[in-house]
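Okay, so here's the structure we're looking at.
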Amino acid sequence: MRNTLVGKLVTMLVILTLILALAGCGAGQQDQSQNGTNGKTEKGEDTQDHGEEAKETILKFATYAPLEKGLEPFWTKIKKDYEAQNKHTTIEWVLYPYGELKQQVLVMSAGGNRPDIAYGGRSWLDGFISSGFLAPMNDLFGQDFVNDFYPSVIKDMSDNDGQLYAIPQFISPYVLYYNKELFKAAGLDPDQPPRTYEQALAYAEKLSTLKDKDGNKVYGLGQTTASVPVSGASVLSVMLSFGGGLWDESGHVKVNTPENVEALQFLRKIFEKGYNPEAAKLKDLRNLFAIGRLGMYFDQAWGIGGVFAMNADMKSKVACVGPLATSKTEGLSTLEATILMVFKDTDKEKEAADLIEFIVSDANMEHYVDTVAPMFPARKSQENLDKFVNNPIIKDAVKDANKVKELKKHPEMANVFLDLTSSAQAVTVGNENAEAVLKKLEDSFKTLLK
């Protein structure tokens with residue numbers, strides 16, 4: 001296992017190995033793999049310097065978002081509007097699918113071909129900070145702008161020394177989305193959604209008796225446990241809601257606790273009773289929800305946008321509540337966010353910061369919520385904007401947006417999340433003893449999280 005220093009060295013060795021592997025594929029293939037979707041920028045050009053051709057500022061923006069059907073119109077508008085206001089600036093997308101983007105950006109950066117800005121998930125931040133490629137943001141923005149974000153959010157976007165490394169576009173705890181039409185079909189009141197895990201189990205039992213129009217099974221309650229880091233963050237949120245977590249109050253690793261045992265036993269129960277699909281990814285749960293085969297599921301707020309992209313009719317059938325409590329504890333969640341990061345030594349840090357302020361402006365935030373998906377604002381000045389407080393889907397959950405637990409920064413958090421999914425699968429699919437699984441996990445984490 002690795003301590004923090006060794007973890008950083010291993011990360012860099014992996015990046016170097018990937019660079020050498022790319023180099024072995026030939027110069028032409030290397031150009032293709034580093035630019036856009038399978039080697040393409042938005043213009044089909046490479047992402048090297050444009051020399052005498054371009055005297056304007058070109059901001060290379062690494063992202064997955066314009067590749068996704070539900071997100072593409074919003075980001076196309078961002079590009080068009082920003083370039084219209086800044087005549088000598090061009091945003092050049094560097095596009096990769098979500099699952100590939102983080103690693104590709106690390107490889108590009110290690111090879112000296114860094115983007116100016118990148119857009120991704122909160123779970124990526126620890127690894128990017130550890131890489132050393134990010135520009136500290138404390139001096140890139142005015143103090144009024146930074147202070148407008150909730151203090152707990154800024155703390156979460158900073159390293160353990162308080163240096164700011166990301167600006168959130170939106171934030172979210174894990175919320176429970178539910179289908180109001182399926183509630184009615186199961187004899188449940190859509191205006192009285194579950195507020196605790198115990199209530200959710202009772203609701204799931206009734207929802208699971210339903211069939212869709214083709215006679216297919218309807219699942220009652222979806223919780224992702226797939227082998228990807230984001231699923232691990234979701235599993236950890238269940239643990240937090242049951243009163244568990246990764247560390248005790250003294251900051252020591254403590255995983256084998258009665259509260260965490262109870263959380264894993266809950267996951268086993270919804271699997272054994274057939275309420276939850278086996279080892280599903282969030283995209284699998286979104287698909288089932290979109291086609292009316294899932295009554296409730298846990299997701300980040302913006303995840304419902306993927307549902308709407310598949311089935312726009314769902315917009316009138318969906319509502320959500322904040323993190324579920326238990327009969328003994330209040331609901332808690334990890335802090336999830338879509339984040340914007342600036343890369344150092346690109347000579348365009350100030351321009352990238354200006355673009356970030358444009359993206360998170362009031363007008364663009366309201367436009368996103370109005371056209372893409374409901375979100376929770378990260379800024380105090382935006383918490384009373386009409387599109388947030390009067391959104392019919394999230395209005396009941398907005399008050400719970402701050403029910404989040406800050407996690408320590410550590411370069412191994414992605415591996416921690418993966419190990420949490422493995423443990424969840426061992427208890428559910430593998431039917432292993434929850435306490436034995438957690439004991440083994442705690443021994444592992446004591447080394448991994450040194």
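Read-outs throughout are calculated quantities, based only on the coordinates presented, and are distinct from any laboratory measurement. Quick caveat: nothing in here was measured; it's all calculated off a predicted structure. Every residue, glycine among them, receives a Cβ derived from its backbone with ideal geometry; neighbour counts consider all protein chains shown.
The label point for Ser227 and the one for Asp248, both projected 7 Å from the Cα toward the Cβ, are 3.3 nm apart. Each peptide in 147-160, 201-214, 299-312 gets a packing score, the mean of other Cβ atoms within 10 Å over its residues, and the list from highest to lowest is 299-312, 147-160, 201-214. Note on Ser381 and Glu259: the extension gain reaches 40.2 nm, defined as 0.36 nm multiplied by sequence separation minus the Cα-Cα distance. Extension gain for Asn431-Ile291 works out to 47.4 nm (0.36 nm per residue, less the C-alpha to C-alpha distance).
Which of the peptides 170-177, 439-446 is most tightly packed, and how do the rest follow, judged by the mean count of other Cβ atoms within 10 Å per residue? Before the final figure, lay out the partial values.
Values: 170-177: 27.2, 439-446: 17.0.
The peptides rank, most packed first, as 170-177, 439-446.
Across region 58-151, Cα-Cα pairs more than 19 Å apart make up 51 percent of the total. At q = 0.18 Å⁻¹ the log10 of I(q)/I(0) for region 259-340 amounts to -0.93, computed by Debye summation with a single uniform scatterer per C-alpha, solvent ignored. Listed peptides 220-226, 415-421 appear in the order 220-226, 415-421 once ranked by packing, highest mean of other Cβ atoms within 10 Å at the front.
Rounded if a/c is under 1.5, else prolate if a/b is larger than b/c, else oblate: which is region 123-230, with a ≥ b ≥ c the root eigenvalues of its Cα gyration tensor? Since a/c reaches 1.5 and a/b is larger than b/c, the shape of region 123-230 is classed as prolate. Each Cα pair under 8 Å and six or more residues apart adds its separation to the average, and for region 57-168 the resulting relative contact order is 26 percent.
Per residue, the average separation of C-alpha pairs within less than 8 Å and at least 6 apart gives the chain a relative contact order of 23 percent. One chain, two ends: Ala312 and Asp362. Fully extended at 0.36 nm per residue, the span grows by 15.5 nm beyond their Cα-Cα distance.
Across region 362-450, the relative contact order, built from alpha-carbon pairs under 8 Å that are at least six residues apart, equals 18 percent.
Take the Cβ-Cβ distance between Thr447 and Lys80 as r, set R0 to 45 Å, and report the resulting FRET efficiency rounded to the nearest 0.05.
Values: r = 50 Å, r/R0 = 1.11.
E between Thr447 and Lys80, to the nearest 0.05, is 0.35.
Please give the residues of region 314-330, grouped as numeric ranges, whose backbone N is less than 12 Å from a label point set 7 Å along the Cα-to-Cβ vector of Gln192. Within reach of a label on Gln192: no residues.
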